[in-house]
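Any read-out appearing in this document is the output of simple, stated calculations on the displayed coordinates, not a laboratory observation. It should be emphasised that the depicted structure is a prediction, and the values quoted were computed from it without experimental measurement. As a convention, Cβ positions derive from the backbone with ideal geometry for all residues, glycine included, and neighbour counts pool all protein chains shown.
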Amino acid sequence: MRTISYVAAFFAVLATLVLNILSVRRPDWLIISNSDVFHSKVTVTYGLAQRCERQVIVVPGLPDGSRLAYTDYQCRPFPSRSLDRCDKENKAFCLIWGTAGYSAELAAGFGAMALLTLLFGVTTHSRRRRIWRAVAALVAFHVALQLITFSIVTHFYLTNAHPDFEWARLGLAYVLNTLSWTFGVFVAVGVVTTGISANRGHRWAAGNRAYRRIEG
């Protein structure tokens, strides 16, 4: 493959990795907003490892006709063994939700390995001829593990597996995860297509050093 192809692959993999990391770190895979009650609004967000609650209390009727708002924002680990009843009826839910978080973090590891492979594997021309296979495999693992996380969260969202999820809507972290693995699929296919074309001697993929068979 041409050097420019590996440079393009590097930035493409980097983009998928950044999206993956952002989705893992954000606590808003699922969002629940309660209606205003007694001049207050509570928004609860669920991440792969956190549950955050934001309460806005509005005090109306000030002398000048304005309103004063107080905001309280708190996060805790999720799922919690005691608060989320992980030892009892929610044991299966807690185990599978934890698997979703672990899978997303492992996916980031494979994405980082793909970047390192691109950095260290293109130092010589002979390595560039073979390294695309390793890159494609690592990106495929990166995508597959994110798909596991996506599938678990989607399943729990659709089936209301957690009591609070019945009122939930999808958040930004869910969208970032979807963009990451979707883009990753195209990256993996692009690397495989370019690598195979380079091996077959197509100039657009192999450049001026197209690989040619030695005639006997």
*asked:* Using 0.36 nm times the number of residues separating Leu179 and Val7, minus their current alpha carbon distance, what extension gain do you get?
replied: 59.8 nm
*With a 10 Å radius around each residue's Cβ, average the other Cβ atoms per peptide and rank 84-94, 6-16, highest first.*
6-16, 84-94
